[in-house]
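Data first, discussion second: the structure below is written as structure tokens.
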Amino acid sequence: MRELELLCEIGASFFSRGYAFGSTGNLSVRLGDEVWITPTGRSLRNLRSCDLACIDGDGNSRNAAKPSKEYPFHLAAYREAGERAAAIVHLHSPHVVALSCLETLDERQPLPVITPYYLMRVAPVAVVPYLRPGSAELGAAIGEAARLHDTVLLRNHGLVCLGRTMEEAVDRAEEFEETARLFFLLRGEKVRTLNEDEQAEIARKFPRRL
């Protein structure tokens, strides 16, 4: 299936660009009543569609591949987001992880509105407190966040981005990482952010479908 080939191509692209390293990160797509997800303990560098794990909505395996240990939060996000989610990207991209570790992080607004593209593709961002990777608690927290948000920042961990398509989820994750990179580049500088009128104009011209 082309959707599975695309997932593998995107995983390799993330790895080659430093968005994922080692065996970190996981991607999934929802096709009908099945979720196809990257396998546990495998790098995103060189996956093939035949390597992907297939599970149902309860987490039961439908093929021989073992799914990522993070599959509970993928299922929770799909369940709570409904039609807004047909693909999920989870990465430990360096600048977003650095952001997630800041003690001074403003959880109401994790990043300032530096560019219009952050508003168009990323914000608003839900912040989930640190919970053990793979735990039921993390799954429940991400599911709750996914009811109203397509972008989730996991404290001391990384990002989760939802999309109606894999391309949309990828675009959101890349924009989040780039905005976090800009944030750190500009620390200590006098930064101009978009004012309220400019933000309102973006919201009118480019409404988000939540």
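When every residue of the stretch 127-136 is checked against the conditions, none turns out to be touching a His at 6+ places or on another chain (Cβ under 7 Å), outside any helix (DSSP H, G or I), of a type in the set (G, A, S) and closer than 28 Å to D58 by Cβ.
Look through the stretch 184-210, keep the residues that are closer than 30 Å to R79 by Cβ and aliphatic (A, V, I, L, M), and return whichever of them is surrounded by the fewest Cβ atoms within 10 Å (Cβ to Cβ). Talk me through it step by step, then tell me what you get.
Step one: list which residues in the stretch 184-210 are closer than 30 Å to R79 by Cβ, which gives 203, 206-210.
This time we only want the ones that are aliphatic (A, V, I, L, M), so: 203, 210.
On the way: A203: 13, L210: 10.
Taking the candidates together, the pick is L210.
The conditions of being closer than 26 Å to R147 by Cα and of a type in the set (D, E) are met by E3.
Conditions (1) surrounded by 20 or more Cβ atoms within 10 Å (Cβ to Cβ); (2) closer than 18 Å to L27 by Cβ; (3) not basic (K, R), marked per residue:
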| position | (1), (2), (3) |
| --- | --- |
| H90 | yes, yes, yes |
| P110 | yes, no, yes |
| A140 | no, no, yes |
| E144 | no, no, yes |
| L148 | no, no, yes |
| V152 | yes, yes, yes |
| T165 | no, yes, yes |
| E174 | yes, yes, yes |
| L182 | no, no, yes |
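Taking first residues from the stretch 102-113 that are free of Cβ contacts under 8 Å to residues at least 60 places away in the same chain and partners that are not small (G, A, S), the Cβ contacts under 7 Å between residues at least 6 apart in sequence or on separate chains come to L105/L99; E107/V127; P110/L99; P110/V125; P110/V127; P110/L153.
For the stretch 16-25, a residue qualifies if it is under 17 Å from C161 (Cβ atoms) and surrounded by 13 or more Cβ atoms within 10 Å (Cβ to Cβ), and the qualifying residues are Y19, A20, T24, G25.
So which helices (runs of 4 or more DSSP H) are wholly in the stretch 1-109 and hold at least 1 residues that are more than 28 Å from P129 (Cβ to Cβ) and modelled with pLDDT of 95 or more?
Answer list for the stretch 1-109: 2-16.
Taking the numbered list (1) surrounded by fewer than 21 Cβ atoms within 10 Å (Cβ to Cβ); (2) within 15 Å of the chain's Cα centre (by Cα); (3) of a type in the set (A, V, I, L, M) in turn, I114 passes all entries but (2). Of everything in the stretch 64-77 that is out of contact with any Leu (no Cβ under 8 Å at 6 or more places or on another chain) and without any contact (Cβ under 8 Å) to a residue 60 or more places away in the chain, the residue that is surrounded by the most Cβ atoms within 10 Å (Cβ to Cβ) is H74.
Any idea how many residues of the stretch 164-207 are touching a residue at least 24 places away in the same chain (Cβ under 8 Å), of a type in the set (K, R) and in a loop (DSSP other than H, G, I, E, B)? Counting residues in the stretch 164-207 that are touching a residue at least 24 places away in the same chain (Cβ under 8 Å), of a type in the set (K, R) and in a loop (DSSP other than H, G, I, E, B) gives 1.
When the stretch 1-13 is filtered for residues that are buried (at least 16 other Cβ atoms within 10 Å of the Cβ), under 18 Å from V160 (Cα atoms) and out of contact with any Lys or Arg (no Cβ under 9 Å at 6 or more places or on another chain), the ones remaining, listed by number, are L7, I10.
Looking at the stretch 26-48, which of the residues that are free of Cβ contacts under 8 Å to residues at least 60 places away in the same chain and hydrophobic (A, V, I, L, M, F, W, C) is surrounded by the fewest Cβ atoms within 10 Å (Cβ to Cβ)? Looking at the filtered set, the residue picked out is L31.
The values are calculated or read from the model by the stated rules, or taken from the named source; none is laboratory data. If you're wondering where the values come from, they're calculated on a predicted model, not measured in any experiment. Counting neighbours? That spans all protein chains shown, and the Cβs are built from the backbone with ideal geometry, glycine included.
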